[in-house]
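S.K.: Please read through the structure below; I'll follow up with questions.
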Amino acid sequence: MNIAELVEVKPNPNIPELAPGDTVKVSTKIVEAGKERSQVFQGVVIKLRRGADGGSFTVRRTSYGIGVERTFPLASPLVEKVKVVRHGKVRRAKLYYLRRLSGKAARIKEKR
């Protein structure tokens, strides 16, 4: 038995086609004390995982000198919208090497 046969996953229409190396702005719904607000997380896509459960993508940014990574499910209704700021030119699927780089060394060239 396969999980794809058991679970019907509807992709979120607000998420465009992503690729590793893209710089994205992810708007998510945050519920605090009964109130709902939108929060933006901007960074570089370092990992895309496609799977039977809908998949996910991981975004990395540096905040006050500390690297912060957040994983977002592709099928989640809490992801309001994803805007691709720039397309990066990379040669591998997982950009884990960015974790040990900082400053100018962590920059990714833009795809032309």
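S.K.: Can you find, within region 31-49, the residue that is farthest from residue 2 (Cα to Cα) among those that are free of Cβ contacts under 8 Å to residues at least 12 places away in the same chain and charged (D, E, K, R)? Break it down stepwise before answering.
M.R.: Initially, region 31-49 is screened for residues free of Cβ contacts under 8 Å to residues at least 12 places away in the same chain, giving 31-37, 49.
Okay, now just the ones that are also charged (D, E, K, R), so 32, 35-37, 49.
Numbers: 32: 37, 35: 39, 36: 36, 37: 37, 49: 18 Å.
Checking each candidate, the answer is 35.
S.K.: Checking the condition basic (Lys, Arg) and modelled with pLDDT of 90 or more, which residue from 70, 112 passes? Spell out the reasoning first.
M.R.: Details: 112 fails: modelled with pLDDT of 90 or more.
On inspection, the qualifying residue turns out to be 70.
S.K.: How many of the residues in region 6-48 are acidic (Asp, Glu) and within 17 Å of residue 74 (Cα to Cα)? Before you say what the answer is, go through the steps one by one.
M.R.: If we filter region 6-48 for residues that are acidic (Asp, Glu), which is where we start, we get 8, 17, 22, 32, 36.
Going one step further and asking which of them are within 17 Å of residue 74 (Cα to Cα), we end up with 8, 17, 22.
Qualifying residue count for the region: 3.
The values are calculated or read from the model by the stated rules, or taken from the named source; none is laboratory data. Nothing here was measured: the structure is a model prediction, and the numbers come from that model. Cβ: placed from backbone, ideal geometry, glycine included. Neighbour counts: every protein chain shown.
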